[in-house]
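**Q** Here it is: the structure, laid out below.
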């Protein structure tokens with residue numbers, strides 16, 4: 001799909017159009033999804049009711065998929081990992097099924113370039129990580145990186 005930008009309208013063919021106010025709403029909600037509609041409206045220069053209508057439309061159109069929280073995993077004493085996954089066959093379903101069953105996997109992305117997938121995992125101990133990696137080798141090869149510090153969070 002081609003993305004077009006014209007003045008303050010952003011849209012894709014066949015997809016909902018977003019104007020600058022919608023983009024501002026999304027930006028504010030991504031910073032703090034617990035804002036009241038009144039507070040959100042003040043930030044984007046709309047009434048609480050007007051912004052509530054826009055948020056509802058963004059939800060109905062599938063632009064807003066979920067409201068989430070951001071956890072500082074350092075407070076949970078976990079090991080945050082990033083794994084570049086290399087499948088051994090053309091059939092990825094066994095790997096995907098395995099990863100979907102694992103609560104430790106927080107995000108999974110299909111990627112281009114080196115590897116097939118990038119998985120973000122959070123493990124409570126090195127033993128738990130080792131056990132996971134042992135099971136993972138039944139489905140894919142991997143390159144493991146462990147996060148040391150987060151510098152930017154948006």
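Values in this text are rule-based calculations from the coordinates and carry no lab data. Since we're looking at a predicted model, the values are computed, not measured. Note that each Cβ is placed from the backbone with ideal geometry, even for glycine, and that neighbours are counted across all protein chains shown.
**Q** Please compute the length gained on full extension between residue 61 and residue 114, using 0.36 nm multiplied by the number of residues separating them and subtracting their Cα-Cα distance.
**A** Stretched fully, the residue 61-residue 114 segment lengthens by 15.7 nm.
**Q** Now for a separate question. Within a 10 angstrom radius of the beta carbon, how do 117, 142, 67 rank from fewest other beta carbons to most?
**A** So the ranking, lowest neighbour count to highest, is 67, 142, 117.
**Q** Where a ≥ b ≥ c are the square roots of the eigenvalues of the C-alpha gyration tensor, would you call the range 34-74 rounded, which needs a/c under 1.5, or, failing that, prolate if a/b is larger than b/c, or oblate?
**A** The shape class here is oblate.
**Q** Here's a follow-up. Beta carbons within 10 angstrom, averaged per residue: use that to sort the peptides 42-48, 57-63, highest first. Don't jump to the answer; show the numbers that get you there.
**A** On the way: 42-48: 14.7, 57-63: 13.0.
So the order, starting with the most tightly packed, is 42-48, 57-63.
**Q** What nm distance separates the two modelled labels at residue 103 and residue 133, each placed 7 Å from Cα along Cα→Cβ?
**A** Spacing of the two 7 Å Cα→Cβ label points: 2.3 nm.
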